[in-house]
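S.K.: A single structure is presented below for examination.
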Amino acid sequence: MKQDFPIPKEIINITQTLEKAGFEAFLVGGCVRDLILVREPKDWDITTNALPDQIISLFSKTVYENDFGTVAVLSEEIEDETLKKVEITPYRLESTYSDNRHPDKVSFSTKVEDDLKRRDFTINALAYSISDNRIIDLYQGLKDIKDKIIRTVGEPEKRFTEDGLRILRTIRFSCELDFSIEPETEKAIFENRELLANISKERIRDEFTKIIMSKKPMYGLILMKKLDLLQYIAPELLETIGVEQNKAHAYDVWEHLIRALQHSADKNYPLEVRLAALFHDISKPESRRWGKEQNTWTFYGHEVVGEKKARKILENLKYSKKIIEKVAKLVRWHMFFSDTEQITLSAVRRMITNVGKENIWDLMDVRTADRIGTGRPKEDPYRLRKYHAMIEEALRDPISVGMLKIDGKKIMEITNTSPGPKIGFILHALLEEVLENPKKNTEKYLESKSKELINLPEDELKKLGEKGKEIKEEADDAEVKKIRGKHWVQ
Ligand code: ATP
Ligand code: MG
């Protein structure tokens, strides 16, 4: 079958080098699938009948540090990340999998057909020869791509038993590509779900992350629930199913969480925000009490217990310390903004101190996801804009003598004076000048000006200082007004 794909010249060079040396070379796996789908490939994988030593001898810079025969060709001067490291793997033949995880031994083959046979799904088992402009499609992968179907190569049960991670890979590709799962494949997932218990947490985490980062993570979680896979990833999520909430919520806790997650994906928020959206109410089940006075359910302190629980989940999945810390903070402090009576600037400042300057905007995004995830968003857009303006106001360095390229100590030193009100007056007089003309904020100018000012009589200096203070306050107010104006709030 003839195709025409946009393939980078670097990749063409690699396959040509192999072919000129008398070997075969094909693009294979995800990149072929993505070329057909007109998606940008995440990486370029090449398969060949050359052996590792033969591959290494053909390229100037390579790395070969694995048991699978994969040689990476490196190029440095290139911008495109996907081309910096291109992996070439000899045709492989995989035999038995006694631990459901790794092939017991990897042997190389002389036939590309053998390599395609070992691949997980029909859509990932296509090989493309650039020089022949020809696709090898032994398992009707092209048809499955057209029909948007994920189907294992060969008998699903056998393939999942060989490597249980393929169960999660099915869900992952289904979310990433928006494909449905072929019924026999889906049935085999459900029947063999226990295989996931044998898979390393790191491998599970990597696929789970891809599900979360896909465009349709909510669908992924619904699929995992349907196929009873959640117990192998975050069993805590199971407890949230069917937990009813108060009137502000249209959904139970489970649906609220997955909808908050989906909104984070719709907004293209980063991983940490998505994880926080998914786990922010994870302790609602055990924090739920009937509030007699309120005549509804209450969840006091769920964010405090929730932080611990979210940590445990993420630690179990072996996420990095950095990710865990950030998500934990976002979960711990997600409740602040529902306390609408408390939007004073000092409350906002406290909040920033709690969650950290570097996390405050992410916290706002978690808040947005939380709000949309209720199904009954109640905060009006004005209030949200107000929060944003107040955060900017709190984060801003106020206008003060601290901005000057001189301080009181220096003034005393160069004018030979001891501490007293005069120093403050001078600083404010200097500030007024700098506010008028920021170019004057140099050590040289301020030092000479200080020497001049120190000679003025005290009452005159006092007047200058007080005027400086007034100007400072006006300038500060103007900055706050500017921020508020930007957000259309008062
Ligand atoms: P992505 O776009 O995320 O990189 P991909 O299809 O390239 O998707 P990878 O995990 O990079 O997925 O794997 C590359 C190829 O290797 C797959 O397309 C598939 O052919 C094969 N493969 C990867 N993991 C497995 C596995 N566990 N079992 C069988 N084949 C696999
Ligand atoms: Mg890939």
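S.K.: Give the residue, chosen from Asn295, Asn354, that is open to solvent by 30 Å² or more (accessible area, probe 1.4 Å) and at pLDDT 85 or above.
M.R.: Result of the check over Asn295, Asn354: Asn354.
S.K.: In this structure, is Lys462 in contact with a helix residue (DSSP H, G or I) (Cβ under 8 Å, 6 or more places away or on another chain) and under 30 Å from Ile343 (Cα atoms)?
M.R.: Here the answer is no, as Lys462 does not meet what is asked.
S.K.: Assuming Thr82 fulfils every condition listed in (1) polar (S, T, N, Q); (2) under 25 Å from Gly154 (Cβ atoms); (3) within 16 Å of ligand 1 (Cβ to nearest atom) apart from one, which condition is it?
M.R.: Failed condition: (2).
S.K.: For the stretch 361-476, give me every one of the helices (runs of 4 or more DSSP H) that falls completely inside it and has 2 or more residues that are under 30 Å from Met218 (Cα atoms) and open to solvent by less than 40 Å² (accessible area, probe 1.4 Å).
M.R.: Counting at least 2 such residues, we get 381-395.
S.K.: Any residue in the stretch 423-445 that's under 12 Å from Leu404 (Cβ atoms) and without any contact (Cβ under 8 Å) to a residue 40 or more places away in the chain: show its pairings with residues that are part of a loop (DSSP other than H, G, I, E, B) and open to solvent by 60 Å² or more (accessible area, probe 1.4 Å) at Cβ separation under 7 Å, as long as the two are six or more apart or on different chains.
M.R.: Sorted first by the residue in the stretch 423-445, then by its partner, the pairs are Asn441/Lys405; Thr442/Lys405; Glu443/Lys405.
S.K.: Is it fair to say Val253 is within 19 Å of Arg311 (Cβ to Cβ) and either outside the structural domain of Glu315 (by TED's automatic domain parsing) or modelled with pLDDT under 95 (or both)?
M.R.: yes
S.K.: Still on this structure: If I ask for residues that are within 13 Å of ligand 1 (Cβ to nearest atom) and in a helix (DSSP H, G or I), which ones from the stretch 204-215 would you list?
M.R.: Ile204, Asp206, Glu207, Thr209, Lys210, Ile211, Met213
S.K.: Considering each of Ser180, Ser109, Ser131 in turn, give the residue that is under 24 Å from Asn49 (Cα atoms), of a type in the set (Gly, Ala, Ser) and open to solvent by 50 Å² or more (accessible area, probe 1.4 Å).
M.R.: Ser131
S.K.: Name the residue, out of Thr152, Thr161, Thr185, that is more than 16 Å from ligand 2 (Cβ to nearest atom), β-branched (Val, Ile, Thr) and either open to solvent by 20 Å² or more (accessible area, probe 1.4 Å) or closer than 30 Å to Asn13 by Cα (or both).
M.R.: Every option except Thr161 fails the conditions.
S.K.: Now for a separate question. I'd like the full set of residues that are more than 15 Å from ligand 2 (Cβ to nearest atom) and either outside the structural domain of Ile123 (by TED's automatic domain parsing) or among the aromatic types (Phe, Trp, Tyr) (or both), limited to the stretch 27-76.
M.R.: Those that are more than 15 Å from ligand 2 (Cβ to nearest atom) and either outside the structural domain of Ile123 (by TED's automatic domain parsing) or among the aromatic types (Phe, Trp, Tyr) (or both): Phe59, Tyr64.
S.K.: Now a separate question. Could you give me the residue pairs with C-beta distances under 8 Å whose first residue belongs to the stretch 446-468 and is β-branched (Val, Ile, Thr), whose second residue is open to solvent by less than 60 Å² (accessible area, probe 1.4 Å) wherever it lies, and which are 6+ apart or on separate chains?
M.R.: Between residues of the stretch 446-468 that are β-branched (Val, Ile, Thr) and residues that are open to solvent by less than 60 Å² (accessible area, probe 1.4 Å), the close pairs are Ile454/Ile411; Ile454/Thr415; Ile454/Thr417; Ile454/Lys422; Ile454/Ile426.
S.K.: Of the residues Ser346, Ser320, which single one is surrounded by fewer than 13 Cβ atoms within 10 Å (Cβ to Cβ), closer than 27 Å to Glu479 by Cβ and of a type outside the set (A, V, I, L, M, F, W, C)?
M.R.: From the options Ser346, Ser320, the qualifying one is Ser346.
S.K.: A further question follows. Being more than 20 Å from Lys201 (Cβ to Cβ), out of contact with any Leu (no Cβ under 9 Å at 6 or more places or on another chain) and open to solvent by less than 40 Å² (accessible area, probe 1.4 Å) is true for just one of Ala265, Ala277. Which residue is that?
M.R.: One residue alone meets the criteria, Ala265.
S.K.: Can Val489 be described as closer than 26 Å to Asn359 by Cα and open to solvent by less than 70 Å² (accessible area, probe 1.4 Å)?
M.R.: yes
The values are calculated or read from the model by the stated rules, or taken from the named source; none is laboratory data. This structure is a prediction, so every number in the text was calculated from the model and none was measured. A quick note on method: Cβ atoms are made from the backbone with ideal geometry, for glycine too, and the neighbour counts reach across all protein chains shown. With ligands, DNA and RNA removed, areas are computed over all heavy atoms of the protein, side chains included. Shrake-Rupley method; radii C 1.70, N 1.55, O 1.52, S 1.80 Å.
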